[in-house]
Amino acid sequence: MNVRTIGAMVGFALMTAAASFAQIPDEAAINKALAAAHAKYKGLQEGKNADYIPALAKVDSNVFGLALVTVDGKVHTLGDIKTEVSIQSISKVFTMAKVMEESGTDAIRDNMGVDATGQVFNSIVAVEQYKGAEMNPLVNPGAIASTSMVKGANYDEIWNKIIGYYNDFAGRDLTVLQDVYESEAATNQRNQAIAHLMYAYGHIKEEPVRATDIYTKQCSVGVNAKDLAVMAATLANGGKNPVTGKQVLKSEYVPEVLAVMATAGLYDDSGKWLYRTGLPAKSGVGGGIIAVSPGKFGIAVVSPPLDAAGNSVRAQNAIADVSNALGGNPYAVTPK
Ligand code: GLU
């Protein structure tokens, strides 16, 4: 191979890399957008911490952390990014991804469905109405069923697989916030009932009590805004963690993950959110929200006070502003 051939190959490789990263917003624009959103919403006092899990009511309502990670692995953070909150429902995305990785995407669609229920996330009426089908993995019946589908011989094997998978998405070892876990485990009778109904209808095949407990533990994993943004950026980057370089989820499954997030990521306000931002996203009652701009970036904001639908008030506003400033909406196309 002569020097010219090698030169041409290097040139082509650089052009290809530049083309695939062409849409990533530049660093100055990202920092400006994050600073503007932080300044605008820092003092916003709307919403209230979740309190149906007693430990969540005690979390500092002023925590406000923002993080954006681009698909080329650049990490931008602002505000309170040290404080960990419990991941809560955001975990449902990554357990669903684990099931897809192990059993394929049809397994999710065929066992619990991928449609919005039109009911609250822990609705028992929805389970009854559809006999546990026509759920999706981001509401509690589908989520506990997802957890039950992770393969493993016993509790520890299943749990280690789940937390190990979250670690791969976050790029560091995460731990359970024990107080949150104990608090929810003591008060999760409703989720136990949901799991038993899903078991009765055959969508959970065995051990509904174990599935509910592992689900409760996965919801109690502690994360900061940066962790969540790296997890979101891994989805934005075709399943490959842009910081560690590890392919965590097969790229071919990412569109299905994002489709479920777009359909049901923000509880009953999922449609409003998609209308406002176009971003597949997921919120949790711990106050975190992740959002994915495919091929561009993952963004996350942590701020505990929630609106009536259960979504963090500051996080929704901050993510919408930052994404809109950076051209994050995947549906917004400039005509050629
Ligand atoms: N662990 C919570 C529950 O099952 C998660 C709820 C959420 O974040 O939406 O109630």
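The values are calculated or read from the model by the stated rules, or taken from the named source; none is laboratory data. Values in this document were obtained by computation on a predicted structure and should not be read as measured data. Here the Cβ is made from the backbone with ideal geometry for all residues, glycine too, and neighbour counts use every protein chain on show. Calculation scope for accessible area: heavy atoms of the full protein, side chains included, ligands and nucleic acids excluded. Shrake-Rupley method; radii C 1.70, N 1.55, O 1.52, S 1.80 Å.
All but one of (1) of a type outside the set (D, E, K, R); (2) touching a residue at least 40 places away in the same chain (Cβ under 8 Å); (3) open to solvent by less than 80 Å² (accessible area, probe 1.4 Å) hold for residue 175, so report the exception by its number.
(3)
What's the number of the condition residue 107 fails, among (1) crowded, with 17+ Cβ neighbours inside 10 Å; (2) away from the ligand (no atom under 16 Å from the Cβ); (3) within 26 Å of residue 193 (Cβ to Cβ)?
(1)
Does residue 62 fit the bill of being open to solvent by 20 Å² or more (accessible area, probe 1.4 Å) and either in a loop (DSSP other than H, G, I, E, B) or hydroxyl-bearing (Ser, Thr, Tyr) (or both)?
Taking the combined requirement at face value, the residue satisfies it.
Tell me the residue from 218, 192 that is surrounded by fewer than 22 Cβ atoms within 10 Å (Cβ to Cβ), in a helix (DSSP H, G or I) and in contact with a Ser or Thr (Cβ under 7 Å, 6 or more places away or on another chain), please.
192
Please work out if residue 50 is crowded, with 18+ Cβ neighbours inside 10 Å and in contact with a helix residue (DSSP H, G or I) (Cβ under 7 Å, 6 or more places away or on another chain).
yes
Of all residues in the range 271-300, which are open to solvent by less than 10 Å² (accessible area, probe 1.4 Å) and among the hydroxyl-bearing types (Ser, Thr, Tyr)?
277, 283, 293
How many residues does the range 59-99 hold that are within 16 Å of the ligand (Cβ to nearest atom) and either more than 26 Å from residue 32 (Cα to Cα) or without any contact (Cβ under 8 Å) to a residue 60 or more places away in the chain (or both)?
Total satisfying the criteria: 12.
In the range 110-121, which residue that is within 16 Å of the ligand (Cβ to nearest atom) and open to solvent by less than 30 Å² (accessible area, probe 1.4 Å) is farthest from residue 268 (Cα to Cα)?
Checked the range 110-121; the qualifying residue farthest from residue 268 (Cα to Cα) is 112.
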